[in-house]
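Here is the structure we will look at, set down as C-alpha cells.
Since every read-out is calculated from the coordinates, none of them should be taken as a lab result. Source: prediction; values computed, not measured. Please note: Cβ atoms are built from the backbone with ideal geometry, for glycine as well, and neighbour counts cover all protein chains shown.
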Amino acid sequence: MKGRAANDPPIAYESTRGRTPPTALHQAILAGLAPDGGLYLPGTLPRFDAWRDLDATTTLDAVACALLQPFFLGDPLATHLRAACAAAYAEDAPLVPHADGRTFELELFHGPTAAFKDYGARFLAANLRALRDDEEAPGSSTVLVATSGDTGAAVGSAFEHAPGTRTIILHPDGLVSPRQAHQLGSFGGAVSSWRVQGTFDDCQRMVKEAFADTELRVSHALTSANSISLARLLPQMGYYAAAALRHAGAGGAPLSFAVPTGNLGNAVACVVAKLVGMPIGKVLFAGNANRAVLDWLMQDDASPRATIATLANAMDVGAPSNLERLRVLVASHPTLRADLEACSVDDEAIRATIVRGWRELGRVWCPHTACAAHAVLERRARGDQRPWAIVATAHPAKFETIVEPLIDRAVPVPPRLAAMLARPSRSRPMAPHLAALRAALEAD
Ligand SMILES: *Cc1c(COP(=O)(O)O)cnc(C)c1O
C-alpha cells in the first residue's frame, strides 16, 4: 500500500465540532456520536493508490477490504476486517449499463432487505460483534435506531441474531410504505419496533436525546446504528470504489455518481471515496423536495427545515445529520466544492421519471432512485456527455403502491423480500418524546 505503511501510526478519529480529543476507530464506533455532539471523521485521509493494482475483475469485498485497510490499521478491529467485509458484501453491487454506453445504474438493492443500507448495517453488526468477542465492548447492549423507512429493516435484519444485543427501532407512524412498515415489525429475536407519532426528525431527535442522557446511555449500553456511525459510513465507500474501478478499466473519463440523498450518509461516503483517490468524477446529491443540501450548496444556508413528506420517504429529512461532515470535508479540501452538484426533485418529477424510465428505457425505479435518474436524464437533455452512474438505492418492489400504478404492471418481488413479507409483523405506538422512549428502554 503506497501512502500508508503498516508501521504508520493509526488514524485518529476527530469530532466535526473539534471539542473532543481524537480517538481510536473502535472507540469512535462504540461512541456513535462524539461527546461534544459532533460526528466522527478520520483526522487525516489516507491516500489510496493501491487501486492501480486492482482491476475490474476484483470482487466487491476484496476492493472494499483493500480500501478500508488504512482506516483500520493499528486498531483492534483490523484483524476482523476481512471477515466483516465478507459478511457485509455478500451480495455484489452490479453496474448495469444503459444502451447509450454512458449511463449506468449502480444497483445497491440485492441484500436481504432490498435497500443499500444492508451493506452498512451488516458491517456495523460484524464490527460490534468483534468488539464484544474481544471484550472491548460490554457483553450486553442496546442498539437504538431511528428510521425513515429502510435503515430500521437493514439494522433489524443485521442484528436479529446478534448475541447479547437488543435492538429498538423507531419509525414515523404512517410515513413509511406499507411493505417497509411490515418489514420493520417482522423481526424476531430481541428486536422491537415502535411507530412514533411524529416525523423522522422527531425519531432522530429522540435518539440523540437518549444518547445525550449519560445515565440512559451508560445503564443500557446504548449503541447507535444511524448513519452518524462510522461503521456505516466507511463501508459505503466500497461499492463506489468497485464501480469506479470497473468503469476505469474501460478507459475514458472517470465515472460520476448521482446519489439519492436524505441524511447524506451514502453521498458523503462517495465524497470520501473520491478524496482518498478513487477515480470518481462528480458527486451529485439528488434530493427530493427537502432541499437542505441544495440550499447549502447554492446559498451557503445550512439551517434545518421542517420535514416535507414525499414519495421518496426514506429521504424525508429536513435536518440531515451528515451535512456536518460534508461541511468539514469541503472546508478542508478547497477544490472539492467544484466537483459537487445538487438538485431537488419534487413528487411530480419523481412520478414522471418513473413513467419515463419504464417507457423509454425498460427500467423500473423506486421513487428514491428516480430522483437521481431525473437529475441524470435532465443533464443528458442539456447535452451532458459525461459517464454517469444512477445510484439505485432500493428495489422498486418495496414501493409498489407508488410504482405499480405508474407503470401499470406488477413489480416482481425478490425472493428474500417476499420471505420477510410472509412473516407476521408487529409494532407498538410511541409518543414523540424522550420520556416515552425511556419508558420503552426500561420496560423490556
Ligand atoms: C436511506 C435511503 C436514502 C438516503 O440515504 P442517506 O444516506 O440517508 O442520504 C435513499 N434511498 C433509499 C432507498 C434509502 O433507504
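Couple of notes before you dig in:
- Gln27-Arg82 FRET efficiency (beta carbon distance; Förster radius 22 Å; 0.05 resolution): 0.55
- Average silhouette area of segment 381-444, convex hull of alpha-carbon atoms, in square nanometres: 9.4
- Its convex hull of Cα atoms gives segment 292-380 a direction-averaged projected area, equal to a quarter of the hull surface, of 6.4 nm².
- Legend: Rg and Dmax of the chain, from Cα coordinates, 20.3, 59 Å.
- Rounded to the nearest 500, the helix-only mean residue ellipticity at 222 nm of the chain stands at -12000 deg cm²/dmol, with each DSSP H run of n ≥ 4 adding -39,500 (n - 2.57).
- If you wrap the Cα atoms of segment 190-272 in a convex hull and average its projected area over all directions, you get 7.6 nm².
- Approximate spin-label separation Glu404-Ala12, in nm, with each point projected 7 Å along Cα-to-Cβ: 5.6
- Between segment 298-332 and segment 278-296, the alpha-carbon centres lie 10 Å apart.
- Alpha carbon centroid spacing (whole Å) that separates segment 222-256 from segment 125-143: 25
- Here Lys282 is the anchor, and the aspartates and glutamates within straight C-alpha reach of less than 17 Å, apart from those fewer than 8 places off in the same chain, are Glu105, Asp339, Glu341, Glu378, Asp384.
- Overall shape of segment 236-334 was characterised from the C-alpha gyration tensor. The equivalent ellipsoid obtained from it has semi-axes of 26, 15, 10 Å, in decreasing order.
- Sorting Lys274, Lys117 by the number of Cβ atoms found within 10 Å of their own Cβ, with the fewest placed first, yields Lys274, Lys117.
- In terms of Cα atoms, the Rg and Dmax of segment 1-146 work out to 17.0, 53 Å.
- In nm, spacing of pseudo-spin labels at Asp339 and Ala352 (7 Å Cα→C-beta vector): 3.2
- Gap separating the Cα centres of segment 12-39 and segment 417-432, nearest whole Å: 34
- Packing rank of 166-173, 56-63, 406-413, where each peptide gets the mean count of other beta carbons within 10 Å, highest leading: 166-173, 56-63, 406-413
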